[in-house]
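Every read-out reported here was derived from the displayed coordinates using simple, explicitly stated rules and does not represent laboratory data. None of the values given here were measured: they were computed from a predicted structure. All Cβ positions, even for glycine, are placed from backbone atoms using ideal geometry, and neighbour counts span all protein chains on display.
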Amino acid sequence: MSIQTDIDDDLPTLPPRILSKTRPFYWSVRRELWENRSIYVAPAATAAIVLAGLLIGAINLPHHHLVVSMDDSSPGKAAGIPFEAAGAIILIASFVVGFFYCLGALQGERRDRTILFWKSLPVSDLTTVVAKAAIPLVVLPVVTFAVIVVTHLIILAASFVILPMVGFPANAMLTQFPLLTTWVDLIYLLICLSLWHAPIWGWLMLVSGWARRATFLWAVGPPIALTVFERLAFGTHYVDAILRDRFKGALTAAFGSTMDAKGHLHIDADHLDPLKFISSPGLWIGLIVAAGLFAAAVRQRRYRTPI
Amino acid sequence: MACIEARGLRKAYGATVALDGIDLSVETGRILGLIGPNGAGKTTALSAILGLTPYQGELKVLGRDPWRERDELMADVCFIADVAVLPRWMRVSQAVDYVAGVHPRFDRAKAEALLAKTTIKHTSRVRELSKGMVAQLHLALVMAIDARLLVLDEPTLGLDILYRKSFYDTLLNDYFDNSRTIVVTTHQVEEVQHILTDLMFLNRGRIVLNTSMDAFEQRYAEVMVLPEHAAEARALGPLQERQVFGRSLFLFDTVDRDRLAALGEVRTPSIADLFVAVIGADQAEAQRPAA
């Protein structure tokens, strides 16, 4: 053994600071938020546009139009329209943000070679991918909820000013369209959507870790190709049905629904049905598929080199 | 214990063999220069050492298998690939926060002290810094980490000579000690010659030279020979002969110094000249069977 070795053994090694296991995860999520400001900027910007539209619309539209809708048999429902419309638009915007975030999550760092910097630090591939997965699964729903609630409050405040001018008592609206219940429903909806969409995020993340370029084409091409192939080869629509169900099936699984005489399904958004959701096979199959896809994404992160 | 120990390390990308079964051993407290032409397998060797790529053969870094135990290993190993890999969107303060957040051996005060010696502002984004400043920032982050092994892959690529000089000076004066090991690859061999303790030439995936710098200085000699002694010098079997200002420069491997002194002025060759001689011969040998 060499002399250096002996010196080395005698040197007091500095005890490393004890970092909790969750610290690298916490900082990995923070760095995603630093890098991808669209995660909160895009939903907030969407809300701002919706609010501006509603406000200008309320001033521009002939007042009798508003009054007529208020005189409807169910004025509470009419009063809820701007709230629900704003919520739906922000929800869709968040989905789009999540979609493009996931497509870039593992590809961007390979393209700009920063993966060499991230990998030079003691953060495992698993921690990194889980932190990235937490963006669409947890962070975006939380951001979406916050943005929608703030938007609702602003619409509410504006309503107190505008509605009395057209002869509708604003406080009546509160009793007819209970906001607090809406927010509880919203939390439930966001949780259900997050879990139901998990395999979509997993698929996008895997494509991002695997494709060298054109991640969007790789993400949407194969599902479309499969759908077309199945239709042409067998004349069936199973792939199509599975894909559709994955995008909007959460609604039928999470809420009570009724079938009308014509066979159309009507979703009753006021009737939360957590038991039905938890016991729906679609949820669990989706989660198992998502776990597999995320595991494959971790493997991609480990093996792939800069582009 | 050796810091890096490899036996039969091999890596192929399809039909291309990047590393052709190399053996190497780097003791703790050494500064190894890994020198080779483009495509020699330097970066592949470093990737294997850092656990960035799977490989065949045996490899232990700080007693660990870098591919299987990468996560644990990276607490003790630091790595600068080249100056371009710091995220361009990142602010200097964010870079310090992030490394402090994830690295158990990071000394924030030391990083701040190193940054204070530069003109880098905390609020700047990496994309706003010059190449040299990015290198300073990266070096400050890395030097504040109490690591056992530092791997530098072309760390000074594209920097001007002032930054290159200060990069290595800082590294040597404020960072290196006998408990640490540094492995560096670079094409700017003249600038690292005085800091290396060991030298390794890599060509076509194989090690063609592996020596300590002490042995290098004893083994190789460059002699400036007057024309009248040229034939005599050639008889001693030089590695290389080239003409400079009408005189012949001969490069010798293990030839008695006294005999050489009789021919002309003897000095230690530069790594660059030896590189040209050794790698040039190796390349020529590679092309011969093909021709």
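3J(HN,Hα) along segment B:185-196, derived from phi through the Karplus expression 6.51 cos²θ - 1.76 cosθ + 1.60 where θ = phi - 60°, amounts to 10, 6, 8, 8, 5, 4, 7, 9, 3, 6, 9, 6 Hz, with x in place of Gly and Pro.
Using a 10 Å cut-off around each Cβ of peptide A:24-31, what is the average number of partner chain Cβ atoms that fall inside? Please report the intermediate quantities before stating the final value.
Values: counts 6, 1, 2, 7, 3, 0, 4, 9.
That works out to 4 on average.
In whole percents, the pair-distance distribution calculated for segment B:131-269 from its alpha-carbon pairs, binned every 10 Å from zero, is 10, 32, 26, 20, 10, 1. Between 0 and 90 degrees, the angle of helix B:131-143 with respect to the longest Cα principal axis of chain B falls at about 80 degrees.
Fewest Cβ neighbours within 10 Å first, please rank B:PHE245, B:PHE252 accordingly. Write out the running numbers ahead of the final one.
Details: B:PHE245 6, B:PHE252 23.
In order of increasing Cβ crowding within 10 Å: B:PHE245, B:PHE252.
Listed by chain and number, the lysines whose alpha-carbon sits under 22 Å from that of A:LYS21, ignoring those within fewer than 8 places in the same chain, are A:LYS119, A:LYS132. For the peptides A:150-158, A:269-277, residues were scored by their other Cβ atoms within 10 Å and the scores averaged per peptide; the highest-first order is A:150-158, A:269-277. For the residues of B:90-99, the average number of beta carbons from a partner chain within 10 Å of their own beta carbon is 3. Roughly how many Å is it from the Cα centre of segment B:209-275 to that of segment A:180-241, as a whole number? Using only Cα atoms to place each centre, the spacing works out to 69 Å.
For chain B, what does the helix formula give at 222 nm: sum of -39500 (n - 2.57) over DSSP H segments with n ≥ 4, over the residue count, nearest 500 deg cm²/dmol? Don't skip to the end; give the middle numbers.
Numbers: 11 runs with 94 residues, N = 291.
Computed mean residue ellipticity for chain B: -9000 deg cm²/dmol.
Kirkwood-type hydrodynamic radius, segment B:38-80: 10.6 Å, calculated from all non-identical alpha-carbon pairs.
Extents of segment A:152-296, largest first, come to 60, 42, 29 Å (Cα atoms, principal axes, whole angstrom).
Relative to 2.2 N^0.38 Å, what does the C-alpha radius of gyration of segment A:94-145 come to as a ratio? Two decimals please.
Numbers: Rg = 12.2 Å, N = 52, 2.2 N^0.38 = 9.9 Å.
Against the compact-globule rule of thumb, the ratio is 1.23.
Explain nothing, just the number: relative contact order of chain B, from Cα pairs under 8 Å at least 6 residues apart, as a whole percent. Please report the intermediate quantities before stating the final value.
On the way: 519 pairs, mean separation 57.7, N = 291.
Relative contact order for chain B comes out at 20 percent.
Rounded to the nearest 10 degrees, the inclination of helix B:161-170 to the longest alpha-carbon principal axis of chain B is 70 degrees.
Would segment B:60-174 count as rounded, prolate or oblate if I go by the C-alpha gyration tensor, calling it rounded below 1.5 in a/c and otherwise prolate when a/b exceeds b/c, oblate otherwise? Could you put the intermediate results ahead of the total?
Numbers: a/c = 1.72, a/b = 1.41, b/c = 1.22.
Since a/c reaches 1.5 and a/b is larger than b/c, the shape of segment B:60-174 is classed as prolate.
How far is helix B:271-287 tilted, in degrees, relative to the longest principal axis of the Cα atoms in chain B, given as a value from 0 to 90 rounded to the nearest 10? The angle comes out near 70 degrees. Phi-derived couplings, Karplus 6.51 cos²θ - 1.76 cosθ + 1.60 at θ = phi - 60°, listed residue by residue for segment B:227-243: x, 5, 9, 4, 4, 4, 5, 4, 5, 7, x, x, 5, 7, 9, 9, 9 Hz, with x used for Gly and Pro. With a 10 Å cut-off around each Cβ of B:179-186, the average count of Cβ atoms from other chains is 1.
Over the C-alpha trace of chain B, radius of gyration and Dmax come out as 21.3, 68 angstrom. Ordering B:LYS42, B:LYS117 by the number of other Cβ atoms within 10 Å of each residue's own Cβ, fewest first, gives B:LYS117, B:LYS42. When the Cα positions of B:ALA233, B:THR268, B:LEU32 are compared along the charge dipole of chain B, B:LEU32 comes out farthest toward the positive end, with charges on each C-beta of Lys, Arg, Asp and Glu. Basic side chains Lys and Arg get +1 at the Cβ, acidic Asp and Glu get -1 at the Cβ, and with that the dipole of segment A:201-307 about its Cα centre reaches some 820 debye. Against the compact-protein benchmark of 2.2 N^0.38 Å, the Cα-based radius of gyration of segment B:1-113 scales to 1.22.
Taking +1 at the Cβ of each Lys and Arg and -1 at the Cβ of each Asp and Glu, which of A:ALA296, A:THR182, A:PRO199 sits farthest along the dipole of segment A:181-307 towards its positive end, judged by Cα position relative to the Cα centre? About the Cα centre, the residue reaching furthest to the positive side is A:ALA296.
Counting every other Cβ atom within 10 Å of each residue's Cβ, B:ASP23, B:ASP146 order from fewest to most as B:ASP23, B:ASP146.
Between amide H atoms placed 1.01 Å from N, distances below 5 Å from B:ALA18 occur with B:LYS11, B:ALA12, B:TYR13, all of them 5 or more places distant or on a separate chain.
With both residues required to sit in the protein assembly as shown, DSSP beta bridges show an antiparallel share near 70%.
Distances between placed amide hydrogens fall under 5 Å for A:ILE307 paired with A:ARG111, A:ARG113, all partners being 5 or more residues away or on another chain.
Across segment A:30-42, rounded Karplus estimates of 3J(HN,Hα) from the backbone phi angles (6.51 cos²θ - 1.76 cosθ + 1.60, θ = phi - 60°) give 4, 5, 5, 6, 5, 6, 10, 5, 4, 4, 10, 5, 5 Hz, Gly and Pro being marked x.
Across every pair of non-identical alpha carbons in the protein assembly as shown, the mean reciprocal distance, once inverted, gives a Kirkwood radius of 29.0 Å.
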